[in-house]
Amino acid sequence: MPPPNYPRYVSPKERAENRARLISVALWGGAALAISVAAMLFAYTDQAPPWLRKLALQIDGTFGFPILALIRAMAT
């Protein structure tokens, strides 16, 4: 008969470290997402260089044009 499978003990210190790590990852991920959306929004403006416009269209088209839909929603 195999030994019982008890849950692993997680100390309060380890729990706090895991929570801090999760919050850090969430904040960095949110910041990266906000910066990438802002860069994509800039890429659709007239001030953006042509290479950035082409790259933005390719990236946006890969995901089904969510940034273009966002721009259209903000314009109405």
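Between 0 and 90 degrees, rounded to the nearest ten: what's the tilt of helix 12-43 against the longest Cα principal axis of the chain?
The helix 12-43 is inclined about 10 degrees to the chain.
Across segment 55-61, in residue order, what do the Karplus-derived ³J(HN,Hα) couplings come to in whole Hz, using 6.51 cos²θ - 1.76 cosθ + 1.60 with θ = phi - 60° and x for Gly and Pro?
5, 5, 5, 5, 5, 5, x
Using DSSP to define loop residues, name the chymotrypsin sites (Phe, Trp or Tyr not before Pro) in the chain whose beta-carbon has at most 10 other beta-carbon atoms within 10 Å.
Hits after loop and neighbour filter: Tyr9, Phe63.
Restricting things to Cα coordinates, could you compute the convex hull volume per residue of the chain in Å³? Don't jump to the answer; show the numbers that get you there.
Working: hull volume 14.7 nm³, N = 76.
Considering the Cα atoms of the chain, their hull volume per residue is 193 Å³.
Using a simple spin-label model with points 7 Å from Cα along the Cα→Cβ vector, what separation in nm is obtained for Phe42 and Leu68?
2.2 nm
Net charge within 13 Å of Lys13 by Cβ-Cβ distance, Lys/Arg positive one each and Asp/Glu negative one each, not counting Lys13 itself?
On the way: positive: Arg15, Arg19, Arg21; negative: Glu14, Glu17.
Combined, the nearby Lys, Arg, Asp and Glu give +1.
Mind checking the angle between helix 66-75 and the chain's longest principal axis? C-alpha axes, 0 to 90 degrees, to the nearest 10.
60 degrees
None of the figures in this text is laboratory data; all of them are computed from the coordinates on show. The structure displayed is predicted, hence computed values, not measured ones. Methodologically, a virtual Cβ is constructed for each residue, glycine included, from the backbone with ideal geometry; neighbour enumeration extends over all protein chains shown.
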